[in-house]
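In what follows, a single structure is set out as structure tokens and then discussed.
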Amino acid sequence: MKFLFSDMVYIFENINTVTNDLLKKFDSLYTEERKIKSGKYCREDDKKKSLIAYILLLYALKKEYGIFEKLYFDYGKNNKPFLKKHKNIYFSISHSGKYVSVAADINNIGVDVEGYIDDYETISRYVFSEDEMKYIENGNSGAKAAKLWTLKESYLKYTGTGITDGLKAYDFAYKPDVFEKYGCKFKCIQREKYYLSVCSENDMTIKFVKEEDLIKLVR
């Protein structure tokens, strides 16, 4: 398998410091659709993530493809979102804790971020294979469970089948942080007590984005 391109994955890791004043700076960029969606969340933290995820996707599309306009979405099989005006561009969004991540490419791509799963036993029968359980229980269990979860999720987002396809059907036990499997390329990074995994057809470059980077969109 030969990969000729490099996909960009953008990560915003400061969601806990995002203020309402910062969100208001982006007010002219939000669609009514995004405002309504974010307004449905009960928790303030989830509202922030919804709005920042939209802005981070806008940032990624401007950086990678020179697209800078309000984004409108439609939904395909298994409720997979796509851009109404740019159906040739695929994207994936994930957030957990203080992290929000976005990946975009001209081919299918999937990204997922998750905190350490210390209570992995409660989900193990639905998520992890026998080999994966052996791998998890051989030390650093919470970290390994998060790594495996994000690898599975990133692959299912890549294929567009979603969680309905079954996380347990795919085995990633004992894999390094960069590898190839199921006809795809995977990359993982560990940050504090979180794991992020990306699934793509190409090599991947991961970049961390700060508040000042996003603010440039409205200057």
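Here, each number is a calculation from the coordinates, and none is a lab measurement. Since this is a predicted model, take the numbers as computed values, not measurements. Cβ atoms come from the backbone with ideal geometry, glycine included; neighbour counts cover every protein chain shown.
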Inset, instruction - Determine the equivalent ellipsoid of segment 15-74 by diagonalising the alpha-carbon gyration tensor, then write out the semi-axes as square roots of 5 times the eigenvalues, largest first, rounded to whole Å. - result: 20, 13, 10
Legend entry - Span per principal axis, largest first, for the Cα atoms of segment 6-218 (Å): 51, 33, 28
Legend entry - MRE, 222 nm, helices only [DSSP H, n ≥ 4, -39500 (n - 2.57), over the chain, to nearest 500]: -9500 deg cm²/dmol
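Normalising by the residue count of the chain, find the relative contact order in percent from Cα pairs under 8 Å and 6+ residues apart.
Numbers: 403 pairs, mean separation 55.2, N = 219.
In percent, rounded to a whole number, it is 25.
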Inset, instruction - Lys and Arg at +1, Asp and Glu at -1: add these up for the other residues within a Cβ distance under 10 Å of S200 and post the number. - result: -2
Inset, instruction - Would you compute the Debye intensity of segment 93-184 from its alpha-carbon atoms alone, equal scatterers and no solvent, and pass along log10 I(q)/I(0) at q = 0.22 Å⁻¹ to two decimals? - result: -1.21
Inset, instruction - Could you work out the mean projected area of the convex hull around the alpha carbons of segment 40-93, in square nanometres to one decimal? - result: 4.3 nm²
Legend entry - Backbone HN-Hα couplings from phi across segment 103-113 [Karplus 6.51/-1.76/1.60, Hz, Gly and Pro as x]: 10, 9, 6, 7, 10, 4, 8, x, 9, 8, 10
Inset, instruction - For segment 157-209, would you read off the P(r) tail past 16 Å as a percentage of all alpha carbon pairs? - result: 49 percent
Inset, instruction - For segment 6-218, give the magnitude of the charge dipole about the Cα centre (Cβ charges: +1 Lys/Arg, -1 Asp/Glu; no others), in debye to the nearest 20. - result: 680 debye
Legend entry - Cβ-based net charge around I15, under 14 Å, with every Lys or Arg adding one and every Asp or Glu removing one: +1
Inset, instruction - May I ask you to order 17-28, 141-152 by the average number of other C-beta atoms within 10 Å around their residues, highest value first? - result: 141-152, 17-28
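Stick to the Cα atoms of segment 1-118, pair each with every other, and give me the Kirkwood hydrodynamic radius in Å at one decimal. Each step should come with its number before you reach the end.
Working: mean 1/r = 0.0660 Å⁻¹.
For segment 1-118, the Kirkwood estimate is 15.2 Å.
Just add up the charged neighbours of S124: K/R +1, D/E -1, any other residue whose Cβ is under 14 Å from the Cβ of S124. Numbers along the way, then the final one.
Details: positive: R125, K134, K144, K152, K168; negative: D118, D119, E121, E130, D131, E132, E137, D171.
Summing Lys and Arg as +1 and Asp and Glu as -1 gives -3.
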Inset, instruction - Work from the charge dipole of segment 141-219 (Cβ charges, +1 for Lys and Arg, -1 for Asp and Glu, about the Cα centre) and give the residue of L167, L148, C184 farthest towards its positive end. - result: L148
Inset, instruction - Enumerate the calculated ³J(HN,Hα) couplings along segment 183-200 in order (Karplus 6.51 cos²θ - 1.76 cosθ + 1.60, θ = phi - 60°), each rounded to whole Hz, writing x wherever the residue is Gly or Pro. - result: x, 10, 10, 10, 9, 10, 9, 10, 9, 6, 9, 9, 10, 10, 10, 10, 10, 7
